[in-house]
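Have a look at the structure below before the remarks.
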Protein chains: 2
Amino acid sequence: MRDGPPPPRDALDPADWAEAARIARDTVDAAVRHLAEVRDRPVWRAMTDDQRRRFEAPPPAGPTPLADVIGEVFEGVMPFPMGNVHPRFWAWFMGSSSFTGALADFLAGIQGSNLGGGNHAAVLVDQQVVGWCRDMVGMPAAAAGTLTGGGTAANLVGLTVARNAKAGIDVREEGVAALPRPLRFYGSDQIHSCHRKAVEALGLGNRALRRIATDAGYRIDIRALRAAIAEDRAQGLQPACLIANAGSVNTGAIDDLVALADLAAAENLWLHVDGCIGALVAIAPENRHRVAGLARADSLALDPHKWLHAPFDVGCALVRDGARLRQSFGISPEYLQPAPRGIASGPWLHEFGPETTRSFRALKVWMMLKEHGIARFGRLIDRNIDQARHLATLVGAHPRLDLAAPQVINIVCFRYDPGGLDAAALKALNVEIMLRLQDSGLAVLSDTSLGGAHALRVAICNHRTRHEDLDLLVDEVVRIGDDLAGR
Amino acid sequence: MRDGPPPPRDALDPADWAEAARIARDTVDAAVRHLAEVRDRPVWRAMTDDQRRRFEAPPPAGPTPLADVIGEVFEGVMPFPMGNVHPRFWAWFMGSSSFTGALADFLAGIQGSNLGGGNHAAVLVDQQVVGWCRDMVGMPAAAAGTLTGGGTAANLVGLTVARNAKAGIDVREEGVAALPRPLRFYGSDQIHSCHRKAVEALGLGNRALRRIATDAGYRIDIRALRAAIAEDRAQGLQPACLIANAGSVNTGAIDDLVALADLAAAENLWLHVDGCIGALVAIAPENRHRVAGLARADSLALDPHKWLHAPFDVGCALVRDGARLRQSFGISPEYLQPAPRGIASGPWLHEFGPETTRSFRALKVWMMLKEHGIARFGRLIDRNIDQARHLATLVGAHPRLDLAAPQVINIVCFRYDPGGLDAAALKALNVEIMLRLQDSGLAVLSDTSLGGAHALRVAICNHRTRHEDLDLLVDEVVRIGDDLAGR
């Protein structure tokens with residue numbers, strides 16, 4: 001049973017703690033340099049084939065000294081980031097991480113606690129952070145919530161509870177095939193693709209999610225929504241849930257949340273607010289009026305890894321009637337019984353969400369909110385929106401730049417247009433502008449399609465961006481565009 | 001628009017990087033002390049009401065210096081862990097984290113990259129780690145996979161693909177209500193509760209998951225399974241998927257994977273293997289024969305945050321026919337179009353799983369596998385199984401201890417039985433033994449129910465455990481039991 005040499009004791013702990021500490025302190029210094037100098041590096045750069053090939057090796061059979069492994073990370077991984085910590089990264093919609101958040105993830109790993117639940121400090125931190133999220137958006141104390149891996153999971157939680165609450169049968173037991181009338185969910189044609197993922201996952205099918213047209217501001221057309229609900233009722237379907245955009249992914253449009261809450265109440269529908277982009281505008285003094293009505297949601301998704309800049313990943317789902325959340329996810333198997341005292345006497349957090357084991361992602365949000373305070377995050381959100389307004393103004397003032405959608409919060413869609421090009425040529429020109437910006441490492445932005453027309457898209461969710469970065473962007477877009485257009 | 005004092009520049013970055021580095025280095029030193037001295041501290045201890053109350057405060061409006069925030073963590077959070085990093089924590093089934101893994105999470109946060117996809121180094125690391133997981137369990141190169149938050153999500157991925165692959169209709173579009181015949185999934189009465197969560201989430205309903213009786217070794221009864229499939233076919237239901245246990249949560253039982261693979265092939269069923277507990281036994285030289293047949297799974301879930309001791313969270317889902325994974329999760333919205341070059345020319349990893357944004361959880365697995373090599377992890381798994389055998393032997397040799405289930409891998413179920421007690425009294429006695437062990441801080445184990453009878457449960461998934469820790473456990477259980485039983 002114990003033939004051969006005994007395996008090493010405590011084999012995954014360092015053989016020499018002092019040496020491990022020295023390596024980790026060096027790592028900290030390198031990390032500080034990495035972040036302190038981020039502005040001086042390219043936002044993004046392509047990897048060579050040789051640089052890519054190091055990630056093709058089979059699993060390593062034998063050991064490598066820790067210092068060498070970290071050396072590999074600093075040589076092969078750190079120089080080729082996605083780029084979202086850089087002040088001129090404005091693609092898609094991402095937070096910019098933070099030094100404190102990274103340190104929190106280190107401490108969470110050192111403590112190693114499992115947020116599946118139980119009676120220990122991490123559970124209390126998790127519950128406090130969920131409470132802080134609830135307070136930030138103004139939901140009542142009776143709301144419950146859970147931290148998720150991101151907005152997609154947070155939206156799935158909300159839509160799961162909506163499905164179960166509106167089914168009228170025990171849908172957890174019987175499945176959706178037993179529903180007397182098929183459920184219908186409604187959102188605008190601007191909702192995030194994760195809602196499609198959600199209704200597909202939930203067995204409702206993509207066709208259960210009806211996309212409603214939007215107005216000139218890319219907000220859901222309430223009149224069209226009312227008509228769709230009436231039509232579906234007439235056809236024997238069961239309207240169940242409205243999905244409101246508090247910040248659409250394409251343009252940052254915010255649906256009329258007050259009107260949607262009124263409609264949901266009148267029609268006995270669940271109101272789910274996708275606030276992954278915009279819910280935290282609620283803490284920004286100059287702009288919070290834009291999300292009035294947010295707190296009336298039955299469920300709400302928000303993303304601390306966006307505008308709170310917690311390192312990936314951390315989303316949050318909130319449900320106004322907290323009991324409904326547990327009704328959707330609670331299961332008590334025989335090996336997870338509560339105990340009168342001891343470790344198992346705390347709450348089982350896995351009963352409040354789709355995961356069982358969960359990481360201590362609460363700690364980074366907790367430490368960052370403590371370090372900076374809500375007020376500073378609110379000012380930074382206002383600053384990003386001010387920067388978007390600044391960019392929209394620059395675009396509006398330039399003869400060869402066109403704003404492609406109204407700027408509401410921190411997203412600006414625009415295009416370079418020298419005139420005289422058809423849609424395909426205009427798209428090709430703007431895609432090339434986008435790629436040359438990336439190639440040069442100067443800036444990263446993304447693109448999208450609005451009403452069938454291509455547009456460049458700048459989402460300013462970045463605590464390191466300065467107004468002059470946007471001045472530089474406009475200058476470069478025009479310079480590259482003029483160059484490509486032969487002007 | 002810009003009234004009042006301008007907001008601080010770069011407000012979330014430290015005002016003084018040298019000061020931040022000093023704080024982080026001190027944090028490293030404290031973390032090293034925390035881990036190096038883990039054996040000398042209680043496994044778990046209760047918090048006082050005062051200690052709990054600090055987590056009831058509302059969101060902080062203003063800032064707190066970083067050093068003070070970290071001070072709060074070391075005063076209020078670190079001393080009250082779940083305990084799973086301690087060598088005498090054997091409750092449920094958890095990894096014990098690692099210093100290198102924690103450092104990896106720090107570096108992941110510093111780089112801040114989003115694993116939703118794109119052309120950058122983190123994506124290559126992620127794909128390499130998925131490939132390493134595939135290689136470790138022996139699945140073919142055509143398999144695809146995704147890193148998830150844990151086993152629950154990894155199992156959900158597998159069952160989602162199973163549902164979609166076996167539906168016979170476009171279930172993503174039409175929903176499960178459109179299925180001509182209701183799908184049936186099969187697992188033993190020992191499968192993890194996450195499978196119930198999964199079939200509920202997927203809209204199939206808990207009743208779609210048929211629990212099959214187990215034999216004396218808590219393995220699925222293949223004869224009963226065959227009968228259930230035939231019965232369901234006769235009733236117009238559609239048998240779709242077998243869920244095999246490669247390490248059950250209660251006892252570590254491993255279903256006959258070869259027989260299940262043969263049956264799945266003969267009956268045209270999907271074979272999903274839940275290997276969250278036992279799949280990595282495949283890399284343990286002395287025990288890998290126990291999971292023969294694993295690589296024949298159509299889908300498989302495993303958990304690097306268990307026996308690879310990566311800090312929470314990281315699970316992995318693998319699908320033999322890689323194209324099916326993308327067919328289940330691929331969506332390409334207009335704002336996420338691939339580009340011919342640049343950041344968007346890499347793969348969109350969100351098309352291979354349920355998440356959109358994802359953390360760089362691959363880095364900790366990558367660094368730990370590089371540092372230690374597969375062979376060392378395999379030896380540590382063998383050592384845990386050897387320790388369980390040692391414990392089972394001690395239990396078997398003691399007149400007042402009874403083994404409650406066969407010990408196969410690293411889980412031992414047993415009870416203290418002084419004789420003459422009814423079932424309720426015996427359970428109360430053993431629960432009290434468990435709680436006194438926790439109260440004293442000496443050891444943490446959990447309990448469960450087996451064939452209706454209560455049992456203490458020791459799951460040795462801990463790289464810090466030594467054989468003498470188990471000797472101590474047996475001595476203490478008997479001492480406490482004798483004390484309570486008045487012997």
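Where a number appears in this text, it was derived from the coordinates with a stated rule and is not lab data. All values reported here derive from a predicted model rather than from experimental measurement. Quick reminder, even Gly has a Cβ in these numbers, built from the backbone with ideal geometry, and neighbours come from all protein chains shown.
Numbers for the structure displayed
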item: Part-to-part distance (alpha-carbon centres) for the range A:374-409 and the range A:423-487, which is given in Å; result: 15
item: Entries of A:364/B:427; A:370/B:306; A:197/B:197; A:197/B:370 with Cα pairs more than 29 Å apart; result: A:364/B:427; A:370/B:306; A:197/B:370
item: Taking A:483, B:26, A:274 and counting other C-beta atoms within 10 Å, the order from fewest to most; result: A:483, B:26, A:274
item: Relative packing of peptides A:117-125, B:474-482 - highest average C-beta neighbours within 10 Å first; result: A:117-125, B:474-482
item: Fraction of antiparallel bridges per DSSP, the range A:376-485 only, in percent to nearest 5; result: 100
item: 10 Å Cβ neighbours from other chains, averaged over peptide A:121-128; result: 6
item: Computed E for residue A:327/residue A:428 - FRET, C-beta separation, R0 56 angstrom, nearest 0.05; result: 0.60
item: Average Cα contact separation per residue, the range A:161-268, under 8 Å, 6 or more apart, as relative contact order %; result: 29
item: Ascending list, in nanometres, of distances separating the residue B:452 label from those of the other copies (7 Å, Cα toward Cβ); result: 7.0
item: Space enclosed by the convex hull of the alpha-carbon atoms of the range A:376-485, per residue, Å³; result: 91
item: Rg and Dmax of the range B:17-83, Cα atoms only, in Å; result: 14.1, 39
item: Highest to lowest packing among A:171-178, A:245-252, A:196-203, scored as the average C-beta count within 10 Å; result: A:245-252, A:196-203, A:171-178
item: Relative contact order %, chain B, counting alpha carbon pairs below 8 Å whose residues are six or more apart; result: 22
item: Listed residues B:115, A:330, B:440: farthest to the positive end of the dipole of the protein assembly as shown (Cβ charges); result: A:330
item: q = 0.06 Å⁻¹, chain B: log10 I(q)/I(0) [Debye, one scatterer per Cα]; result: -0.32
item: Exam field: residue B:396 pseudo-label spacings to other copies (7 Å along Cα-Cβ), nanometres; result: 8.2
item: Sorted by Cβ density within 10 Å, fewest first, the residues B:401, A:445, A:242, A:403; result: A:403, B:401, A:445, A:242
item: Residues listed by number, the range A:153-197, amide nitrogen under 16 Å from residue B:170 label point at 7 Å toward C-beta; result: A:196-197
item: The range A:86-127-the range B:143-173 distance, computed between alpha-carbon centres (Å); result: 27
item: Bridge type composition, the range A:163-255 - antiparallel percent by DSSP, nearest 5; result: 20
item: Cβ-Cβ FRET estimate between residue B:439 and residue B:467, R0 fixed at 30 Å, reported to 0.05; result: 0.75
item: Two-site label geometry, residue A:475 and residue A:64: point separation in nm, points 7 Å out along Cα→Cβ; result: 4.2
item: Label spacing, shortest first and in nm, from residue A:321 to its equivalents in the remaining copies (7 angstrom along Cα→Cβ); result: 4.2
item: Ranked A:364, A:370, A:306, criterion: other C-beta atoms within 10 Å, fewest first; result: A:370, A:306, A:364
item: Relative contact order (percent, whole number), the range B:373-485, Cα cutoff 8 Å, 6+ residue spacing; result: 29
item: Inter-chain Cβ neighbour average for residues B:152-165, partner chain, 10 Å; result: 2
item: Value of [θ]222 nm, deg cm²/dmol, for chain A, DSSP H segments ≥ 4, -39500 (n - 2.57) each, nearest 500; result: -13000 deg cm²/dmol
item: Check: the range A:240-368 dipole with +1 on Lys, Arg Cβ and -1 on Asp, Glu Cβ, in debye; result: 480
item: Kirkwood estimate for the protein assembly as shown, i.e. one over the average of 1/r between Cα atoms, Å; result: 28.6
item: Chain A, rotation onto B, residue closest to that axis via Cβ, with its distance in Å; result: A:203, 1
item: Cα-based Kirkwood hydrodynamic radius, the range A:267-322, one decimal, Å; result: 11.9
